[in-house]
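> Structure provided below as structure tokens; questions to follow.
The values are calculated or read from the model by the stated rules, or taken from the named source; none is laboratory data. From a predicted model like this one, the values you see are computed outputs, not experimental measurements. Ideal geometry is used to build each Cβ from the backbone, glycine not excepted, and the neighbour counts take in all protein chains shown. Just the protein is used for accessible areas: all its heavy atoms, side chains included, with ligands, DNA and RNA removed. Shrake-Rupley method; radii C 1.70, N 1.55, O 1.52, S 1.80 Å.
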Amino acid sequence: MATVGEVMSTGLLTVDASTPLVDAAKQMHERSVGAVLVLAGDRVGGILTERDVLRAVALGQVEGTDVAMWMTQQPETIEPSDSTGHAASIMIHGGFRHLPVVDAGKPVGIVSIRDLMRVILDDETPRGA
């Protein structure tokens, strides 16, 4: 089974909790990513996802708010050496699609449910096909 470190994305998009929500959403759109890590110093303090942005839009509270109001604080994390199966279990039980990857407590990547699906599909592809 693959490790998280083998499938995670390392081109992290990060913001501060004080970043205006609109600015974070624009950055997510420009980078075509579904989540941004919110740093507290050099540690993960939160995660803001497209679901969070959608919730703010649905409630009409986009303008004038910052990331801190909508992010998930202290999200669960995983280490690069953990298995993709363990990552999938955490994500399924937690009901989320993005999981920050940390090494010695510092962010080094992010793994998405899409990354994990690629592993499954690659494993099911017949060899030589």
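> What FRET efficiency comes out for the pair residue 16/residue 79, r = Cβ-Cβ distance, R0 = 25 Å, nearest 0.05? Walk me through the intermediate numbers first.
Numbers: r = 24 Å, r/R0 = 0.97.
Efficiency, from the Cβ-Cβ distance: 0.55.
> Please report, as a whole percent, how much of the solvent-accessible surface of the chain comes from carbon and sulfur atoms (probe radius 1.4 Å).
Values: 3830 of 7400 Å².
With neighbouring chains kept in place, the figure for the chain is 52 percent.
> Here's something else I'd like to know. Rounded to the nearest 500, what is the 222 nm mean residue ellipticity of the chain from helices alone, with -39500 (n - 2.57) per DSSP H run of 4+ residues and division by all residues? Could the numbers behind the result be given before it?
Numbers: 6 runs with 51 residues, N = 129.
That calculation yields -11000 deg cm²/dmol at 222 nm.
> Once ligands and nucleic acids are excluded and a 1.4 Å probe is used, how much of residue 71 is accessible, expressed in Å² to the nearest 10?
Counting only protein heavy atoms, residue 71 exposes about 30 Å² to solvent.
> Using the 2.2 N^0.38 Å rule of thumb for compact globular proteins, work out how the chain stacks up: its C-alpha Rg over that value, please. Before the final figure, lay out the partial values.
Numbers: Rg = 15.4 Å, N = 129, 2.2 N^0.38 = 13.9 Å.
That ratio works out to 1.10.
> Amide H of residue 108: which non-local residues (sequence gap of 5 or more, or other chain) have their own amide H closer than 5 Å, using H built in the peptide plane?
Amide H neighbours of residue 108: 101, 102, 103.
> Quick check: pseudo-label points 7 Å beyond the Cα along Cα→Cβ at residue 108 and residue 61, how many nm apart are they?
It works out to 3.6 nm between the two label points.
> On average, how much accessible surface per residue is there in the chain, in Å², for a 1.4 Å probe, leaving out ligands, DNA and RNA? Before the final figure, lay out the partial values.
Working: 7400 Å² over 129 residues.
Each residue of the chain exposes 57 Å² on average to a 1.4 Å probe.
> Which value in nm describes the separation of the simple spin-label points at residue 92 and residue 31, placed 7 Å from the Cα toward the beta carbon?
2.9
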